[in-house]
1. Take the residues of the stretch 222-238 that are of a type outside the set (D, E, K, R), in a helix (DSSP H, G or I) and out of contact with any strand residue (DSSP E or B) (no Cβ under 9 Å at 6 or more places or on another chain): which is farthest from Cys125 (Cα to Cα)?
2. Residues of the stretch 1-38 being touching a strand residue (DSSP E or B) at 6+ places or on another chain (Cβ under 7 Å), within 25 Å of Lys50 (Cβ to Cβ) and either among the hydroxyl-bearing types (Ser, Thr, Tyr) or surrounded by fewer than 19 Cβ atoms within 10 Å (Cβ to Cβ) (or both), which ones?
3. Across the stretch 138-178, what is the total count of residues that are within 26 Å of Gly202 (Cβ to Cβ) and either more than 13 Å from the chain's Cα centre (by Cα) or modelled with pLDDT under 85 (or both)?
4. Considering only residues of the stretch 104-132 that are small (Gly, Ala, Ser) and over 19 Å from the mean Cα position of the chain (by Cα), which is modelled with the highest pLDDT?
5. So, Ser115, is that one touching a residue at least 24 places away in the same chain (Cβ under 8 Å) and out of contact with any helix residue (DSSP H, G or I) (no Cβ under 9 Å at 6 or more places or on another chain) or not?
6. State which residue is farthest from His264 (Cα to Cα) when the search covers only the stretch 198-221 and only residues that are surrounded by fewer than 20 Cβ atoms within 10 Å (Cβ to Cβ) and among the acidic types (Asp, Glu).
7. If you check Lys135 against the conditions, is it within 18 Å of Val79 (Cα to Cα), modelled with pLDDT under 90 and outside the structural domain of Phe260 (by TED's automatic domain parsing)?
Amino acid sequence: MLINIENATEENVLDSKFTTAIENILRAFAERKHLIIAQKKFFNCIMEEKGGIYSMTSKNFASEALAGLIEYHAILNQVSFYISVDFTIHDTSFRWIDLGEKYKFICGPLYFNDSSQLQKTKIVCENPLDSDFFKIIAAFYARNEHLSRCSINFNVLNGGGGSTKDVFERTIQNDEIAFCIVDNDKKHPQAPYGGTSSHFLGEKIKRSGLVEILDVHEVESLVPLDTIEEVLKNLNLMIKKKDTLDFLKKLCSIDESAKFYFDHKKGFNIKSALELDNTHGDFWRPILKKLNHEYDCECIESKKCKCCNSCLA
């Protein structure tokens with residue numbers, strides 16, 4: 001996580017009441033669990049302290065954090081969430097602030113007197129495949145943004161369908177900061193939230209937790225088409241899956257959002273698509289009507305597929 005130190009005076013930094021929390025934060029940074037942003041005087045005060053309040057190890061950690069300060073400040077404007085450690089707060093309370101495009105978790109330094117609150121970020125997912133995918137995204141982000149000093153790590157708590165909510169609830173019972181990421185399980189833009197996401201409707205913030213319902217049917221929907229094609233080639237599956245990939249490309253060429261509702265696991269069939277449209281309103285049918293004649297069939301026009309096997313799979 002990104003930890004932004006605010007309102008820390010020299011008196012605060014040298015106050016023994018805050019020493020444990022500050023050293024915990026510095027150690028978490030050194031262990032590459034979190035990044036620290038603060039004014040230069042915050043780090044200099046630690047490094048130049050002569051009374052033995054801070055160990056030489058902590059001073060070295062402060063020096064390392066100071067060296068990466070410019071790089072970390074740039075990240076602050078790019079993230080959708082960060083922690084604000086406000087030294088005007090003298091207890092262990094915390095609160096969230098919705099800033100529109102980002103969220104800020106505000107607490108005082110004493111919140112981190114317990115080093116367990118500074119272990120790797122906890123992310124609750126539905127299954128290991130989702131969490132593996134998020135790790136790939138995180139690594140790509142760090143590399144793409146040239147974050148040479150940044151190593152993105154997090155602890156994954158996999159729920160598995162209906163138990164995902166329970167895992168998340170148990171995690172935040174102890175006021176541990178946690179994120180829950182689930183897909184919306186929608187195969188049509190006007191369909192109701194399904195599956196796991198239906199258990200998380202309402203406020204995005206709950207105690208010390210933040211919930212993000214991805215605006216896609218499944219996590220696989222976030223994978224670019226070029227990447228899917230490259231993977232199929234590397235696995236020698238291109239011949240077997242070429243027709244499906246070509247069909248998906250054509251759908252997306254007409255409406256890019258089609259990819260967000262396409263079932264990458266089960267594939268696509270016209271019968272299900274028309275049933276969804278008949279229930280929730282036109283979405284798939286207008287797209288299908290614009291496809292090349294090779295996919296044209298009477299079912300699209302009649303809005304109903306009575307074929308024993310779906311005429312388009």
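The values are calculated or read from the model by the stated rules, or taken from the named source; none is laboratory data. Because the structure is predicted, anything quoted here is derived from the model rather than measured. With ideal geometry, Cβ positions are generated from the backbone for all residues, glycine too; neighbour counts draw on all protein chains shown.
1. Per the criteria, the residue is Met238.
2. Asn7
3. Count: 21.
4. Taking the stretch 104-132 first, the residues small (Gly, Ala, Ser) are 108, 115-116, 131.
If we keep only those that are over 19 Å from the mean Cα position of the chain (by Cα) as well, we get 108, 115-116.
Numbers: Gly108: 97, Ser115: 90, Ser116: 88.
Going through the qualifying residues, I end up with Gly108.
5. Details: touching a residue at least 24 places away in the same chain (Cβ under 8 Å): yes; out of contact with any helix residue (DSSP H, G or I) (no Cβ under 9 Å at 6 or more places or on another chain): no.
Considered against the rule, which asks whether it is touching a residue at least 24 places away in the same chain (Cβ under 8 Å) and out of contact with any helix residue (DSSP H, G or I) (no Cβ under 9 Å at 6 or more places or on another chain), Ser115 comes out as no.
6. Glu203
7. Working: within 18 Å of Val79 (Cα to Cα): yes; modelled with pLDDT under 90: yes; outside the structural domain of Phe260 (by TED's automatic domain parsing): yes.
When the stated conditions are applied, Lys135 passes them.
Okay, residues lined up against (1) in contact with a Pro (Cβ under 6 Å, 6 or more places away or on another chain); (2) at pLDDT below 90; (3) assigned to a loop (DSSP other than H, G, I, E, B); (4) acidic (Asp, Glu):
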residue	(1), (2), (3), (4)
Leu210	no, no, no, no
Ile213	no, no, no, no
Glu220	no, yes, no, yes
Phe262	no, yes, yes, no
